[in-house]
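**Q** There's a structure below that I have some questions on.
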Amino acid sequence: MSEKAIILIILIAFVIIAIIKIALLKLYMNTIKPKVDNEGNIITKPVKDDLTPEEREEREFDKDW
C-alpha cells in the first residue's frame, strides 16, 4: 500500500471514531434529563448540611479569604 492509502485509512478511522463518540454523547445526554416542574424550571435537589453553626461560620469566613 502506498503512503497516501495508509494516511487515508487512518483519517477515515479517526472520522468514524469521532462519529461514534458524538453518537454516544448524544445518547448519554438524552438519558440524564433533569426533573422539571410544570413551568419548565429545573427542580434542584436539596443539599444536606450537617455542619454545626460554628463550622458553618468558619466556612463562611474561609470563603472571604
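**Q** With θ taken as phi - 60° and the coefficients 6.51, -1.76 and 1.60, list the Karplus ³J(HN,Hα) couplings across region 51-61 in order, rounded to whole Hz; mark glycine and proline as x.
**A** Going residue by residue, I get 7, 6, x, 5, 5, 5, 5, 5, 5, 4, 5 Hz, with x marking Gly and Pro.
**Q** With equal scatterers on the alpha carbons only and no solvent term, can you work out the Debye log10 of I(q)/I(0) for the chain at 0.18, 0.21 1/Å?
**A** Debye curve over Cα of the chain, log10 I(q)/I(0) at q = 0.18, 0.21 Å⁻¹: -0.85, -0.92.
**Q** Enumerate the calculated ³J(HN,Hα) couplings along region 2-9 in order (Karplus 6.51 cos²θ - 1.76 cosθ + 1.60, θ = phi - 60°), each rounded to whole Hz, writing x wherever the residue is Gly or Pro.
**A** With coefficients 6.51, -1.76 and 1.60, one gets 7, 5, 5, 5, 5, 4, 5, 5 Hz.
A short reminder: the numbers here are calculations on the coordinates, not readings from a lab. Fair warning: this is a prediction, and the values are worked out from it, not measured in the lab.
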